[in-house]
Amino acid sequence: MKAKIKATGQIIELCPYVYDVDGNDVLLDEVELLDNYNWQQVRIDAAVKLTCALSVTMLGDGYSERQIVKQSVELTDALVEELQKKGWRR
C-alpha cells in the first residue's frame, strides 16, 4: 500500500501489517481504516469555491451578497453530506 507524507510529498510503501496496542501483528487487510477526515476543512473549501462560482452569475442577475452566501452554504452542506454517504475521502 502506498502513502504520501503530507509535509514532504514523499511517496512511501507501507508494510502490509500494523501493530495493535499489545504489540501483535495485524494485517492491513484485517482492519477498517476509520474516517479521521477533516470535514470542516472540506466544507470551508467547498463554500469558498461555490461562493466565487455563484457570484459570477448571481451578482449579475441582481442577487444580493447575502443570498449568494446562503445559497453557497446550502449547496456546500448538501455536497458534503452526499460525499460522506458515499464514503468519499480526499
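Before we move on, is residue 22 open to solvent by 100 Å² or more (accessible area, probe 1.4 Å), out of contact with any Leu (no Cβ under 8 Å at 6 or more places or on another chain) and farther than 23 Å from residue 87 by Cβ?
Details: open to solvent by 100 Å² or more (accessible area, probe 1.4 Å): yes; out of contact with any Leu (no Cβ under 8 Å at 6 or more places or on another chain): yes; farther than 23 Å from residue 87 by Cβ: yes.
Yes, satisfied.
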Please give the number of the condition residue 9 fails out of (1) touching a strand residue (DSSP E or B) at 6+ places or on another chain (Cβ under 6 Å); (2) at positive phi.
(1)
Which of the residues belonging to the range 54-64 are open to solvent by 60 Å² or more (accessible area, probe 1.4 Å) and in a helix (DSSP H, G or I)?
56, 57
With respect to residue 41, is the statement that it is within 25 Å of the chain's Cα centre (by Cα), modelled with pLDDT under 90 and surrounded by fewer than 11 Cβ atoms within 10 Å (Cβ to Cβ) true?
yes
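Taking the criterion of being of a type in the set (Ser, Thr, Tyr), modelled with pLDDT of 75 or more and surrounded by 10 or more Cβ atoms within 10 Å (Cβ to Cβ), would at least one residue in the range 65-84 satisfy it? Talk me through it step by step, then tell me what you get.
First pass over the range 65-84, keeping only residues of a type in the set (Ser, Thr, Tyr): 72, 76.
Of the ones still in play, those that are also modelled with pLDDT of 75 or more are 72, 76.
This time we only want the ones that are surrounded by 10 or more Cβ atoms within 10 Å (Cβ to Cβ), so: 72, 76.
Checked against the condition, which is being of a type in the set (Ser, Thr, Tyr), modelled with pLDDT of 75 or more and surrounded by 10 or more Cβ atoms within 10 Å (Cβ to Cβ), the range 65-84 yields at least one hit.
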Among all residue pairs at least 6 apart or on different chains, which show Cβ distances below 8 Å where the first residue, located in the range 61-81, is closer than 13 Å to residue 49 by Cα and the second is exposed (fewer than 15 other Cβ atoms within 10 Å of the Cβ)?
68/59
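The values are calculated or read from the model by the stated rules, or taken from the named source; none is laboratory data. For clarity, every value in this text was computed on a predicted model and none was experimentally measured. Here Cβ is always computed from backbone atoms with ideal geometry, including for glycine, and neighbour counts include all displayed protein chains. Accessible surface is based on the protein model in full, side chains and every heavy atom, while ligands, DNA and RNA are left aside. Shrake-Rupley method; radii C 1.70, N 1.55, O 1.52, S 1.80 Å.
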